[in-house]
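K.L.:
My questions all concern the structure below.
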Amino acid sequence: MTAASRSLPRTLIVRLDSAGDVLLAGPAVRAAAAGSAYTALLCGPQGAQAGKLLPRVDEVLVHDAPWVGLEPAPVSLAQTRELLEALAARRFDRALVLVSYHQSPLPMALLLKLAGVGWTAADSEDYPGALLDLRHHRLPHRHEALAALDLARAAGFALPPGDEGALRVDTPPDTTPLTGSEPYVVLHPGAAVAARAWSPGRAARAAAALSAEGYRVVVTGGPDERALTARVAGRHALDLGGVTDLRHLAGVLVAARVAVVGNTGPAHLAAAVGTPVVSLFAPVVPAERWRPYGVPHVLLGDQEAVCAGTRARHCPTPGHPCLDGIGDAEVLAAVAALDRNRLVGMNDFNRTRKTKRAGADADSSPGPRDPSDRGGAAETERGATI
C-alpha cells in the first residue's frame, strides 16, 4: 500500500433495495472507489448478487433491513448488533447512503453513527439532526443513476478519467451452451411487482408474435418463475426460467440482439451490458427516474394511465390496460427499430462504450447527463420514446 492510498478514506456505500437499484448505483460506486483506499457495498438480500457484479467493489456486506422491501424483515436486536459489529470492525471513514426519492436514509444513518462511521452523506428531505454530515437535496426529476452520482460528487468523489458514467458489470460469462449460437431476442416476462409486468397470457402472445416474425426468442426468469416462463415460451421459444443466476443472466443478455422486459432488475442489467431494451413500462413509478439508462431503448406503455405515480403493486384497473394494451405491432416495431439501429459492437461487451456507427444515431458513449436536459438527450436516451 502506498502512502497516497493510505491517505484515502475507507468508504461504505449503502443501497439496501433490489438488484436493479444496486445496478443503478454502479456509477456512484465507481466514483467513490476512485477516491477511496477500500470500498464496501452494503446491500439487502435482494441486491447482493448485483453488488457482486459491480466493478471496483472490494467487499459486499448484506443486511436485511426492516424498513426496506416488499416484505420487510422483522426488527431484530440481534441482527442489528451483528451489523453494528461488522461495520465497526471495518473502521469506515465515510459512508454514502443511497435511497430512492421517496425513501428516508435516516434509519441507516443512525446505525452508521452508532457503528463509529466518521462522516455520512445522503439525500434527505427529512431534517437529519446530527445523523448526516452532508444533507444533500437531489435535483427534480432526476434519474436514479444520476441522483446517486450527484450525491457522490457532492461528497467529493468523481468518476475516474475515461469513465463516462454508464452502468457496468464485470465481464459476464459465455452462456452460448445455454442459448445456442444463433442470434436471439430475450423476453423477460416477470417482475417482483405484478403491476410492472405483462399478464402471462399477454407475454405468451408476444413470444408467439416475435417467433412468427422470424426472431429466435429466449425467455428468462428466476427460480420461482419457472411456471411463468414455461407458459410464455410454449412452443415458440427457448425456456431458460430458473436456469441462470444474475451473473449468467448477464451473459444471456449481453449476447441478445434486444431485450424485451418490464421495469425490473433485468432491464437495468441489460443496460449494464449494453443491450438495447424494449421497456414495458407501467407508470406506477415515473419513467423519468427508472427507465433504462444509457442504452438505446423504446418505452412502451400508457404513461398517463390512472395508476400513474401510485406505486401500486397490483394493477387497479381491470385488464391491466397500461401494459396489456400494448399491441403486437408496437412490440415488433420497437424490436425491429432497436435491432436495425443498434450501435456497431453494442453486444460486444468489451467494445460497448467505444464504438459508433454512421448515421443519425452515431453519438458518443452514454454519460452521466440529466435525461430531462434536452441538450444531453441524444447521449442518455438514444432511441427512446415516451
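K.L.:
With (1) farther than 22 Å from GLY20 by Cβ; (2) surrounded by 15 or more Cβ atoms within 10 Å (Cβ to Cβ); (3) modelled with pLDDT under 90; (4) among the acidic types (Asp, Glu) as the list, and ASP328 as the residue in question, which single condition is left unmet?
P.N.:
It is condition (3) that ASP328 fails.
K.L.:
Looking at this structure, is LEU42 closer than 16 Å to VAL117 by Cβ and not small (Gly, Ala, Ser)?
P.N.:
So LEU42 fits the description; yes.
K.L.:
Just name the residue that is nearest to TRP67 (Cα to Cα) out of those in region 1-19 that are at pLDDT below 95 and of a type in the set (D, E, K, R).
P.N.:
This residue is ASP17.
K.L.:
What are the residue pairs meeting all of these: first residue in region 296-310, first residue in contact (Cβ under 8 Å) with a residue 24 or more places away in the chain, second residue part of a loop (DSSP other than H, G, I, E, B) and open to solvent by 50 Å² or more (accessible area, probe 1.4 Å), Cβ atoms under 7 Å, and 6 or more apart or on different chains?
P.N.:
Partner pairs satisfying both residue conditions: PRO296/ARG342; VAL298/THR385; LEU299/THR385; LEU299/ILE386; GLN303/ILE386; CYS307/PRO316.
K.L.:
Any idea which of (1) under 30 Å from HIS141 (Cα atoms); (2) modelled with pLDDT under 95 is the one VAL22 doesn't satisfy?
P.N.:
The one condition VAL22 does not meet is (2).
K.L.:
Condition first: at pLDDT below 95 and open to solvent by less than 30 Å² (accessible area, probe 1.4 Å). Now tell me which residues in region 45-97 satisfy that.
P.N.:
Result: VAL68, ALA73.
K.L.:
Follow-up. Right, ALA206: touching a residue at least 12 places away in the same chain (Cβ under 8 Å), of a type in the set (Gly, Ala, Ser) and in contact with a Phe, Trp or Tyr (Cβ under 8 Å, 6 or more places away or on another chain) or not?
P.N.:
Yes: the conditions hold for ALA206.
K.L.:
So which of GLU213, GLU225 ends up being within 18 Å of GLY20 (Cα to Cα) and among the acidic types (Asp, Glu)?
P.N.:
GLU225
K.L.:
Residues VAL193, VAL232: which one is closer than 21 Å to HIS268 by Cα and either among the charged types (D, E, K, R) or within 24 Å of the chain's Cα centre (by Cα) (or both)?
P.N.:
The match here is VAL193.
K.L.:
Then there is this: Against the condition of a type in the set (A, V, I, L, M, F, W, C), modelled with pLDDT under 95, over 16 Å from the mean Cα position of the chain (by Cα) and on the phi < 0 side of the Ramachandran plot, how does ALA312 come out, does it pass?
P.N.:
In short, yes.
K.L.:
Hey, could you check region 19-72 for residues that are part of a loop (DSSP other than H, G, I, E, B) and touching a Pro at 6+ places or on another chain (Cβ under 6 Å) and say which is nearest to ASP150 (Cα to Cα)?
P.N.:
Here the residue is SER36.
K.L.:
Out of all the residues in region 84-102, is one or more among the charged types (D, E, K, R), touching a residue at least 40 places away in the same chain (Cβ under 8 Å) and closer than 29 Å to ARG291 by Cβ?
P.N.:
For region 84-102, residues among the charged types (D, E, K, R), touching a residue at least 40 places away in the same chain (Cβ under 8 Å) and closer than 29 Å to ARG291 by Cβ: absent.
K.L.:
Among the listed residues VAL252, VAL284, VAL306, VAL261, identify the single one that is β-branched (Val, Ile, Thr) and more than 26 Å from GLN103 (Cα to Cα).
P.N.:
Of VAL252, VAL284, VAL306, VAL261, the one residue that is β-branched (Val, Ile, Thr) and more than 26 Å from GLN103 (Cα to Cα) is VAL252.
K.L.:
If a residue must be over 18 Å from SER211 (Cα atoms) and open to solvent by less than 30 Å² (accessible area, probe 1.4 Å), how many such residues does region 185-199 contain?
P.N.:
Adding up the residues that qualify gives 5.
Results for (1) in contact with a Pro (Cβ under 7 Å, 6 or more places away or on another chain); (2) over 23 Å from LEU23 (Cβ atoms), shown as yes or no for each residue.
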{"residue": "ARG91", "(1), (2)": "no, yes"}
{"residue": "ARG94", "(1), (2)": "yes, no"}
{"residue": "LEU98", "(1), (2)": "no, no"}
{"residue": "PRO105", "(1), (2)": "no, no"}
{"residue": "LEU110", "(1), (2)": "no, yes"}
{"residue": "TRP119", "(1), (2)": "no, yes"}
{"residue": "GLY129", "(1), (2)": "no, yes"}
{"residue": "ASP133", "(1), (2)": "no, yes"}
{"residue": "HIS141", "(1), (2)": "no, no"}
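K.L.:
List the helices (runs of 4 or more DSSP H) inside region 204-300, counting only whole elements, that have at least 2 residues being surrounded by fewer than 24 Cβ atoms within 10 Å (Cβ to Cβ) and of a type in the set (D, E, K, R).
P.N.:
Counting at least 2 such residues, we get 226-233, 287-290.
The values are calculated or read from the model by the stated rules, or taken from the named source; none is laboratory data. These numbers were taken from a predicted model, which means no experiment stands behind them. Counting neighbours? That spans all protein chains shown, and the Cβs are built from the backbone with ideal geometry, glycine included. Heads up: the accessible areas ignore ligands, DNA and RNA and are worked out on the full protein's heavy atoms, side chains in. Shrake-Rupley method; radii C 1.70, N 1.55, O 1.52, S 1.80 Å.
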